[in-house]
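For reference, the structure is listed below as structure tokens.
The values are calculated or read from the model by the stated rules, or taken from the named source; none is laboratory data. This structure is a prediction, so every number in the text was calculated from the model and none was measured. Cβ sites come from the backbone with ideal geometry, for glycine too, and all protein chains shown count toward neighbours. In case anyone asks, the SASA skips ligands and DNA or RNA and just uses the protein heavy atoms, side chains included. Shrake-Rupley method; radii C 1.70, N 1.55, O 1.52, S 1.80 Å.
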Amino acid sequence: MEQRRFGTAARCGMTDITGDVEQYLHARAADGIQDGFVCIYSPHTTCAVTINEGFDPDVQRDISTFLSKLVPENSGFRHSEGNSDAHVKVSLIGASCLVPVIGGRTALGQWQRVFLCEFDGPRTRTLYFSFIRAE
């Protein structure tokens, strides 16, 4: 398992990490990586990982805006740290995702990208990358 660190610039936003996933696969090519999945996991309770459209940046803005309307920052949460909305958003998006790999390369759809979703930034985040071979 490999750890990678990412800096986020805003309280809420999506950072495209597809290039990092591809670098991970390239660095592991000598290990015989061919077909399987890269699992990307966030050990943070206020930072998620997802796959979505990466061609039009309005999609990421729309997702962030919608989530902020769906789960507003100041909604009278009982959690006293002021980031309850971030915890809820991670539960909706998910703390991990699987990226399919075929022939040692990501097998994402034409418009798909992998995103780190920050909901309590700006921060430095650590994600875990692990390859799972397909049988």
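Sorting 27-36, 94-103 by average packing, meaning the other beta carbons within 10 Å per residue, from highest down gives 94-103, 27-36. Each 10 Å bin, from zero up to the one with the longest distance, holds this percent of the alpha carbon pairs of the stretch 3-47: 20, 49, 24, 7. Accessible surface area normalised per residue over the chain is 56 Å², counting heavy atoms of protein chains with a 1.4 Å rolling probe. Largest first, the residues GLU2, GLU22 sort by 1.4 Å accessible area into GLU22, GLU2. Here the relative contact order of the chain, from alpha carbon pairs under 8 Å that lie six or more residues apart, stands at 53 percent. In the stretch 1-129, the alpha-carbon atoms span a convex hull of 96 Å³ per residue. Protein-only accessible surface at a 1.4 angstrom probe places the residues ILE132, ILE63 in the order ILE132, ILE63, largest first. The C-alpha atoms of the chain define a longest principal axis, and helix 84-93 lies at about 30 degrees to it. In the chain, the portion of solvent-accessible area held by carbon and sulfur atoms comes to 49 percent [1.4 Å probe, whole percent, DNA, RNA and ligands not counted]. Among the GluC sites (Glu not before Pro) in the stretch 42-87, those placed in a DSSP loop whose Cβ has at most 10 other Cβ atoms within 10 Å are GLU81. Placing +1 on each Lys and Arg Cβ and -1 on each Asp and Glu Cβ, with no other charges, gives the chain a dipole about its Cα centre of roughly 260 debye. The simple Förster model, with R0 at 30 Å and r as the Cβ-Cβ distance, assigns ALA29 and PHE55 a FRET efficiency of 0.65. Placing R0 at 30 angstrom, the Cβ-Cβ distance between ARG105 and GLU73 gives a FRET efficiency of 0.15 after rounding to 0.05.
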